[in-house]
Amino acid sequence: MEGTKYSLELLNLKNSTEYYRDSMVHWEFSDSQTKEFILSEILAGEYDSVIFYCSSKNLEKTLELLLDLKTAQPRIAAVMAGREITQDAMNFMKTYKFVDFLVTGEGEFTFSKLIQYFNENNDKFHNIRGLSYRQAGKVVVNRDAPTLVIESLQFPYRDMYIEDSEVLYYETSRGNFFSSSYLPLINRKRTMLPLDRVLTELRYLSSCNAKKIEVIDDIFNWNRERAYSVFFYLINIGSNEKTYKFNIHPSYLDRNTIKLLGESKKDMFELVAPILSLNEEALYSVNRSMKIDHVITKLREISENTKVNLVVELMIGLPFDTFKSFQETFNRVYNIGPSNIKIDRLEIFPSSEMYRNMGLYDYVFTRKPPYTVLANKFISSRELNKLSRFKKIIDYYYNDGYFDNTVKYLIKKTSKTPFQLFLGLSEFFYLKGYQYQTVKKELAYRAFYQYLIYIGRLEDGLEYLEQDLKKGLTTEAQNRFNKKGWLEEDVQ
């Protein structure tokens with residue numbers, strides 16, 4: 001959750017392969033594609049080597065794919081990397097014997113050298129820092145790669161064809177802003193690109209066809225003046241059809257920056273605030289303390305005085321965070337009025353500080369990646385499961401604002417808190433078995449209609465749901481919806 005790790009790894013790979021584009025094919029596969037499809041595509045390419053850049057979320061699937069690939073083509077060189085999975089290189093290589101090479105650390109230096117050696121048929125891999133490999137049946141772990149000087153990286157999108165729908169990832173600084181106790185221990189001094197280079201490269205990206213540009217610094221506005229300069233520049237170059245996404249810390253938003261953001265057009269900026277919780281004990285326990293009242297004030301100023309798409313990120317399963325305290329956090333965040341509330345479940349990495357001290361909080365978590373928390377001494381597995389279902393309902397019925405009118409009406413008329421409303425909706429949703437269906441917009445509207453019947457609010461609530469339907473569906477989709485009706489039995 002902290003930053004955009006998978007996006008960063010994709011960018012690492014682009015940076016690493018900048019000098020070797022002619023000898024490589026770059027693939028980005030999605031979760032919607034089956035293992036069989038991806039394997040078929042790779043086998044069809046008849047490659048000499050394959051490089052998989054992984055996060056904890058896709059590690060298990062990637063390992064399954066790689067085992068099949070090595071079974072089919074034993075001579076192919078299999079390379080894996082990813083900062084979340086390479087903290088214990090020796091153990092990883094001993095566990096997964098079909099992995100030939102493991103790239104640790106930031107990756108760009110090691111990748112570039114490894115690709116160069118592949119091209120030159122050079123097998124003196126002991127010279128490549130940050131690399132682990134197999135030699136004569138043994139695992140060799142080289143010393144760490146040098147810390148990367150971010151200014152030494154070439155612009156990764158030079159001469160690259162960019163699809164209209166593509167999301168472009170861009171990095172202006174690197175280093176630790178947070179030292180969250182549940183994440184891998186990665187110590188790196190913060191460094192940044194010169195501001196004039198950032199502005200020049202953002203201008204180039206703004207001229208491309210892509211609809212969205214994600215600046216993936218873990219916290220972009222840690223330097224207030226620099227952040228203000230970038231926001232000012234983007235507003236004034238007039239690229240208003242694009243969305244620019246930044247991870248921000250509300251504490252570093254000053255009055256001038258908020259005023260400036262108020263001048264931007266609707267949805268030009270997406271600001272993601274990973275605050276995790278409003279429980280002081282929970283935040284302190286994971287090294288994420290902040291001045292809560294100050295943060296709430298800044299978030300509210302953004303919500304009320306700008307047209308920014310504000311995303312607030314929360315986390316369930318933190319130490320000291322009970323079912324009740326999360327409920328309180330959610331209600332306070334909801335009342336700020338963000339565009340989206342993103343809820344993640346805590347994951348504990350084996351190389352993290354929290355993993356070493358997990359006995360303090362009686363943590364139980366999945367033994368395979370992504371090491372998701374199942375319970376702790378503050379919240380039961382049953383309560384966590386409830387919150388996981390609650391999270392999905394927030395995605396369906398709060399995020400993107402397609403049900404605003406109906407939700408606001410119900411909160412006002414039923415005297416329920418926002419949390420109570422969405423929790424009741426989630427329990428109804430699962431009671432009716434909707435989780436077994438593909439939840440498209442049409443189904444979401446029909447399910448809410450059924451919920452209004454269930455709580456006895458259809459007669460006065462339907463007016464608001466119909467308003468939301470008109471807002472959320474195209475005219476053509478509305479016509480199809482109306483032909484079928486609100487209920488299954490209405491279909492002729």
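See the values below:
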item: Overall form of the stretch 187-252 per C-alpha gyration tensor (a/c, 1.5; a/b vs b/c); result: prolate
item: Order of Leu195, Leu153 - criterion: other Cβ atoms within 10 Å of each residue's Cβ, fewest first; result: Leu195, Leu153
item: Charge tally in the Cβ shell below 14 Å around Tyr361, where Lys, Arg are +1 and Asp, Glu are -1, Tyr361 excluded; result: -2
item: Selection from Leu346, Thr406, Leu487, by position along the positive dipole direction of the stretch 333-492 (Cβ); result: Leu346
item: Cα-Cα separations in the stretch 106-249 greater than 27 Å, expressed as whole percent; result: 38 percent
item: Length gained when the stretch Thr366-Phe37 is fully extended (0.36 nm per residue, less Cα-Cα span); result: 115.7 nm
item: Percent antiparallel among DSSP beta bridges (both partners in the chain, rounded to 5); result: 30 percent
item: Simple Cβ-charge dipole of the stretch 257-400, Lys/Arg +1 and Asp/Glu -1, about Cα centre, in debye nearest 20; result: 300 debye
item: The chain - charge dipole about Cα centre, Lys and Arg +1 at Cβ, Asp and Glu -1, debye rounded to 20; result: 880 debye
item: Alpha carbon centroid spacing (whole Å) that separates the stretch 231-306 from the stretch 126-189; result: 27 Å
item: Cα gyration tensor, the stretch 52-124 - rounded (a/c under 1.5), prolate or oblate; result: oblate
item: Three-way shape label, the stretch 150-379, alpha-carbon gyration tensor, a/c 1.5; result: prolate
item: Antiparallel DSSP beta bridges within the stretch 169-275, as percent of all bridges there, nearest 5; result: 15 percent
item: Distribution of pairwise C-alpha distances over the stretch 280-414, 10 Å bins, in %; result: 11, 38, 33, 15, 3
item: Entries in Lys413/Lys471; Lys124/Lys368; Lys368/Lys391; Lys259/Lys392 that, when Cα-Cα distance is taken, lie over 25 Å; result: Lys124/Lys368; Lys259/Lys392
item: Sorted by Cβ neighbour density within 10 Å, fewest at the top, the residues Ser388, Ser180, Ser152, Ser289; result: Ser152, Ser289, Ser388, Ser180
item: Within the chain, longest stretch free of exposed GluC sites (Glu not before Pro) [DSSP loop, at most 11 other beta carbons within 10 Å]; result: 242-492
item: Size of charge dipole - the stretch 150-379 - debye, nearest 20, with Cβ of Lys, Arg +1 and Asp, Glu -1, no other charges; result: 220 debye
item: Net lengthening on full extension, Asp404/Ser179 (0.36 nm per residue, minus Cα-Cα); result: 77.4 nm
item: Top positive-direction residue, dipole computed over the chain with Cβ charges, set Leu65, Leu114, Tyr355; result: Tyr355
item: Charge sum, other residues only, whose C-beta stays under 12 Å from Arg134's C-beta, Lys/Arg counted +1 and Asp/Glu -1; result: +1
item: Selected from Ser285, Met192, Tyr436, residue furthest toward positive end of dipole (the chain; charges at beta carbon); result: Ser285
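Since every read-out is calculated from the coordinates, none of them should be taken as a lab result. Every value quoted in this text rests on a predicted model; they were computed, and no experiment measured them. Glycine gets a Cβ as well: all are built from the backbone with ideal geometry, and neighbour counts include every protein chain shown.
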